[in-house]
Amino acid sequence: MTNNLEAQLLALQEEGEKAIAAADTLERLEELRVSYLGKKGQLGALLRSMGQLSAEERPKIGAIANTVKDALQASLDQQLAALEKAQIQAQLDAETLDVTMPGIYRPLGRVHPLNGIIDRAIDIFVGMGYTVANGLEMETDYYNFEALNTPPDHPARDMQDTFYLPDGNLLRTHTSSVQIHYMETEEPPIRVIAPGRVYRRDNVDATHSAVFHQIELLAVDEGLTFTDLKGTVKVFLQEMFGDVEIRFRASYFPFTEPSAEVDLQWNGRWLEVMGCGMVDPNVLKAVGYDPEVYTGFAAGFGVERFAMVLHQIDDIRRVYASDLRFLKQF
């Protein structure tokens, strides 16, 4: 009985090693593993007959069985490694990239000159601690005018005549309306910039458009003064234009008092580039801020004007024409 079982075990080892070496797929190898070493496999079936052996015979057959099991497992591991390596190599061969083939050209887009100015300005103001706020281009009369200290009979409305809609709303003339919405929901101190498209009933020519872009800034806190406004504007303009000379001229806006126009010296002449001023107390009252406690300053500029100066564009209409011959310069 012992010799017969020993012979069967050795024959099983020889047969198994040959079958495993001939396995050409991972699926076939798994089938052989289950067939030989599985719970209901051939080796297990032989070992179950050890119950018929005497106590002296069992250790010898057990040792042989362990040797057969280790040999079959080693053959399985070796063939598994070989098949996995072959599979990876086949995949690499199938996915090989021929670097000598000509590439596929995909044209790259360019940043529009207006978007470039907006992105640059936002980077500067965010670096100074400002938050970016956006709002709707269609506004009510209250947010566009009345909350900004411009009642219906105010003469300043003539400077910002706009497009009125049948429902009584209008297209905003500045992004100052965004600041009103922001102040209604936030408590001081605040630092916010509002970029966006605005509308005015202007005659279109080389320097005017009925649709253009603005960026406005607003700061409200305790103890802010005109000196803070001048410092902020100076840092911003020198970041945009370099080390240029800047001057402030007295001006008028209904929502700031005092107000000023800002000029910079560019190519030997003074250019007006933005307006600014201290927030009028009536504007602070309209949003529920106490003007006895808080002060603020605001400033704004036209993106198109900055683009025309920095890129030496002679006609504002060029930035809207979508002419690739023009846009490819930027």
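Per residue of the chain, what 222 nm ellipticity follows from adding -39500 (n - 2.57) for every DSSP H run with n ≥ 4, rounded to the nearest 500? Before the final figure, lay out each step's value.
On the way: 11 runs with 141 residues, N = 330.
Theoretical 222 nm ellipticity from helices: -13500 deg cm²/dmol.
Can you tell me the orientation of helix 113-127 relative to the chain, as the angle in degrees between its alpha-carbon axis and the longest Cα principal axis, to the nearest 10?
80
Which ³J(HN,Hα) values, rounded to whole Hz and listed in residue order, are derived for segment 183-192 from phi using the Karplus coefficients 6.51, -1.76 and 1.60 in 6.51 cos²θ - 1.76 cosθ + 1.60 with θ = phi - 60°, glycine and proline given as x?
Taking θ as phi minus 60°, the curve returns 5, 5, 10, 10, 9, x, x, 10, 9, 9 Hz for segment 183-192.
Please list 36, 320 in order of solvent-accessible area, largest first, computed with a 1.4 Å probe with all protein chains present.
Numbers: 36 10, 320 85 Å².
I get 320, 36, largest accessible area first.
Which cross-chain or sequence-distant (5 or more) residues have an amide H under 5 Å from the amide H of residue 251, H modelled 1.01 Å from N in plane?
It is 259, 260, 261, by chain and number.
Any idea what diffusion coefficient segment 115-156 gets from Stokes-Einstein, in µm²/s, Kirkwood Rh on alpha carbon pairs, 25 °C, 0.890 mPa s? Mind dumping the intermediate values first?
Numbers: Rh = 12.8 Å.
For these conditions, the coefficient is 191 µm²/s.
Which of 310, 326, 298 sits farthest toward the positive end of the charge dipole of segment 278-330, with +1 on the Cβ of Lys and Arg and -1 on the Cβ of Asp and Glu?
Checking the options against the dipole of segment 278-330, the answer is 326.
So if I place +1 on the C-beta of Lys and Arg and -1 on the C-beta of Asp and Glu, and nothing else carries charge, what would the dipole magnitude of the chain be about its Cα centre? I want it in debye, nearest 20. Write out the running numbers ahead of the final one.
Working: 30 positive and 49 negative charges, 198 e Å.
With only Lys, Arg, Asp and Glu charged at Cβ, the dipole is about 960 debye.
Evaluate the charge dipole of segment 158-232 about its Cα centre and quote only its size in Debye, nearest 20, assuming +1 on the Cβ of each Lys and Arg and -1 on the Cβ of each Asp and Glu.
300
If you take every residue apart from residue 325 with its C-beta less than 15 Å away from the C-beta of residue 325, what net charge results, scoring Lys and Arg +1 and Asp and Glu -1?
On the way: positive: 110, 317, 318, 328; negative: 314, 315, 323.
The answer is +1.
Relative to the Cα centre, what is the charge dipole magnitude of segment 209-330, using +1 at the beta carbon of each Lys and Arg, -1 at the beta carbon of each Asp and Glu, and rounding to the nearest 20 debye?
Values: 11 positive and 18 negative charges, 123 e Å.
Once rounded to the nearest 20, the dipole reads 600 debye.
How big is the equivalent ellipsoid of the chain along its three axes, where each semi-axis is √(5λ) from the Cα gyration tensor, reported in whole Å from largest to smallest?
Details: eigenvalues 1437, 148, 71 Å².
Those come to 85, 27, 19 Å.
Once the other residues with Cβ under 9 Å from the Cβ of residue 198 are scored (Lys, Arg +1; Asp, Glu -1), what is the net sum? Kindly include the intermediate steps, with their values, before the conclusion.
Details: positive: 172, 197, 200; negative: 137.
Every neighbour counted, the sum reads +2.
What is the set of long-range amide H partners of residue 302 at a cut-off below 5 Å, with H atoms built 1.01 Å from backbone N?
none
May I ask you to order 270-283, 22-35, 168-181 by the average number of other C-beta atoms within 10 Å around their residues, highest value first?
Details: 270-283: 19.9, 22-35: 14.4, 168-181: 21.9.
Order by mean packing, descending: 168-181, 270-283, 22-35.
So which trypsin sites (Lys or Arg not before Pro) in segment 181-266 are both in a DSSP loop and have at most 15 other Cβ atoms within 10 Å of their Cβ? Please list the in-between numbers first.
Values: sites: 191, 197, 200, 201, 230, 234, 247, 249; in loops: 200, 201.
Listed in order of number, the matching sites are 201.
Given 140, 111, 25, which one lies farthest toward the positive end of the charge dipole of the chain, if we put +1 on the Cβ of every Lys and Arg and -1 on the Cβ of every Asp and Glu?
Farthest towards the positive end: 25.
Which residue, chosen from 92, 192, 253, occupies the Cα position most advanced towards the positive end of the dipole of the chain, where the dipole is computed from +1 (Lys, Arg) and -1 (Asp, Glu) charges on Cβ about the Cα centre?
Towards the positive end, the residue furthest out is 92.
Using the Karplus curve 6.51 cos²θ - 1.76 cosθ + 1.60 with θ = phi - 60°, work out ³J(HN,Hα) for each residue of segment 94-106 in order, rounded to whole Hz, and write x for Gly and Pro.
So the J values, rounded to whole Hz, are 6, 9, 4, 9, 7, 6, 8, 6, x, x, 8, 7, 10.
Lys and Arg at +1, Asp and Glu at -1: add these up for the other residues within a Cβ distance under 15 Å of residue 219 and post the number.
Values: positive: 191, 230, 234; negative: 186, 187, 216, 221, 222, 228, 280.
Here the count lands on -4.
Under 20 Å from the Cα of residue 40, which lysines turn up, not counting those fewer than eight places away in the same chain?
69
Kindly write out, for segment 16-23 in residue order, the coupling ³J(HN,Hα) from the Karplus curve 6.51 cos²θ - 1.76 cosθ + 1.60 (θ = phi - 60°), rounded to whole Hz, with x marking Gly and Pro.
x, 4, 5, 5, 5, 5, 8, 5
Mean separation of Cα pairs under 8 Å and 6+ residues apart, divided by the residue count of the chain: what relative contact order is that in percent?
Numbers: 462 pairs, mean separation 47.2, N = 330.
That works out to 14 percent.
If you restrict to DSSP beta bridges whose two residues both lie in the chain, what percentage is antiparallel, to the nearest 5?
Numbers: 41 of 43 bridges.
Once the DSSP bridges in the chain are tallied, antiparallel ones form about 95 percent.
I need the fraction of alpha carbon pairs in segment 99-221 separated by more than 26 Å, rounded to a whole percent. Display every interim value, and only then the final one.
On the way: 2635 of 7503 pairs.
When all Cα pairs of segment 99-221 are counted, 35 percent exceed 26 Å.
Counting only heavy atoms of protein chains, what accessible area per residue, in Å², does segment 248-297 have with a probe of 1.4 Å? Could you put the intermediate results ahead of the total?
Values: 2310 Å² over 50 residues.
For segment 248-297, the per-residue accessible area is 46 Å².
The values are calculated or read from the model by the stated rules, or taken from the named source; none is laboratory data. The structure displayed is predicted, hence computed values, not measured ones. Every residue, glycine as well, gets a Cβ built from its backbone with ideal geometry; the counts of neighbours run over all protein chains shown. Heads up: the accessible areas ignore ligands, DNA and RNA and are worked out on the full protein's heavy atoms, side chains in. Shrake-Rupley method; radii C 1.70, N 1.55, O 1.52, S 1.80 Å.
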